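Encoded as structure tokens, the structure appears first; notes follow it.
Only the coordinates and a few stated rules stand behind these numbers; no lab work does. Quick caveat: nothing in here was measured; it's all calculated off a predicted structure. In this analysis, Cβ positions are derived from the backbone assuming ideal geometry, glycine residues included, and neighbour counts consider all displayed protein chains.
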Amino acid sequence: MPEGLDRATLIVAGVVLLGAVMSILDTTVVNVAIDHLAVAFHSSLTTIQWVITGYTLALAAVIPVTGWAADRFGTKRIYLWSLVLFTLGSVLSGLAWSDSSLIAFRVLQGIGGGMIMPSVMTIMTKKAGPHRMGRVMGVLGVPMLLAPILGPILGGWLVDSASWRWIFFINLPIGIVAFILALVVLEPDQPQPAHRLDWLGMLLLSPGLAVFIFGLAESSTYGFGSLRSWGPTLAGILLIAAWFIHSWRTPNPLIDLRTFAHTRAGAAAGTFLLFAISVFGSMLLVPLYFQAVRGASALQAGLLMAPGGLGAMLLMPLAGRLTDRHGPTWLPASGLPLVAIGLIPFVFVGPHTSYVVLCSANFVQGLGMGLAMMPNMTAAMQAVPPAAIARTSTAMNIIRQAGASIGTAVLSVILASAITSNLSAIAGSRASGSGSGGLAALQHLPASAHAAIAGPLADAFGSTFVWALVLILVALIPAVGMAVSGWRRPLAAPLSGRPVPQE
């Protein structure tokens, strides 16, 4: 029977989670302050949106190089530097005097934030060992799933009770404490000075991811038919495709794709990509529904999503223990059906659907996410040799970031198209707005006008949720394949603690 997490491992987990929570929360905590920032800097919403986009692009650009840097300089050193950059970027963002300065400082913050989560996963995987990786991943998964829920709540509270600047200043004391504790608690690891950087791979993958995600972000505003969207998206796809070819052929790539092709990590990666697109995309849709159709504030919408976070928190520790005892390969195939069941009421959502039904469905969805998400990542990490852990961690974080960006962009464009189609005959030009800006305008319509469009607007959300449900059902295909493969050839690591051989 696998042993539980000892006191030393729990202390390390508590220390590194400080950094993980900071970096992931900052992907969502700023969202509710965008209107305030536009007013404060006399800036357009199109310009001020770069406060979010710049941070996301910096995250995407720096994640690919983190695995190499951790091997080359030591994971502890990279983690400490990432905390310094993130905290410095946070303080400078809080002191920003213009929209341009704020965007620049958010990029600096994103560079630090992008290195934090891959470093945290590598530190904890090496500390706990392969036989306790499930419990470790259960702990690390909490900030990933809670950030989209807690971010708007925390951001709304800080903006309402203090100032938008405190969204960034709050990271200063946390960052200082996290740095001091990491400096004292984390054990130094042995760097590999002879490890060379795959420069061509970095020059292909980092810009490719950044340009690809930029194109997707632009599609939320201009639609996929605009050159501003499909041009960068296509350029990013071509760069990423070139990186795939280069990575497959070079002997020491930035991320070794052959590891994924020759182990169960490939099925885990495919499942995780589809899961991230569906789940993180639906995390955009649910609060927008509560705001645009039901008239809730950003804070109220965040609170209505809390049952999903509670469900994930309840099952993540159990999923970790089950992973360590029986292996991770069957858990994603068990959790994804719960996610699908939780999405079904939203497919049939109306303007007066019971909050009890929706919150219960969100809770069931959270249970499924808690059961599926981190065991899926554990399956990938356990399927590779120990020397590949840092780069596999990097790859899975790239998939998470790319999946979240794809899901947000694609589902927001589908939603905007459905709104235009459903409301054009009723609301005329008011319904033609796309993205969150158009929904904000609809939310502030007079009560009588809003009541007239609430039904078609809810139908637009329901038809968009269909796509999220389909993606989860498709994700079941590689998940079931991974479960069958695990049943036929169980991994050695969960039970014995021995290094997992390549398959």
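Numerical summary
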read-out: Estimated distance in nm for a label pair at residue 73 and residue 249, the labels positioned 7 Å out from Cα along Cα-to-Cβ; value: 3.1
read-out: Estimated FRET transfer efficiency when R0 is 41 angstrom, pair residue 190-residue 334 (beta carbons, to 0.05); value: 0.60
read-out: Label-point gap, in nm, between residue 357 and residue 10 - each point 7 angstrom along Cα→Cβ; value: 4.3
read-out: Ranking of 459, 160 by count of other Cβ atoms within 10 Å, fewest first; value: 160, 459
read-out: Footprinting exposure proxy for 187, 218 (fewest neighbouring C-beta atoms within 10 Å first); value: 187, 218
read-out: Sites residue 161 and residue 484 - FRET efficiency at Förster radius 41 Å, r taken between beta-carbons, to 0.05; value: 0.20
read-out: Chain lengthening between residue 258 and residue 227 when straightened (0.36 nm per residue, less Cα-Cα); value: 7.7 nm
read-out: Local electrostatic count at residue 409 - Lys and Arg +1, Asp and Glu -1, tallied over other residues with Cβ under 14 Å; value: 0
read-out: Order of 305, 117, 377 under a 10 Å beta carbon neighbour criterion, fewest first; value: 305, 117, 377
read-out: Rg over Rh, two decimals, region 1-192 (C-alpha only, Kirkwood Rh); value: 1.00
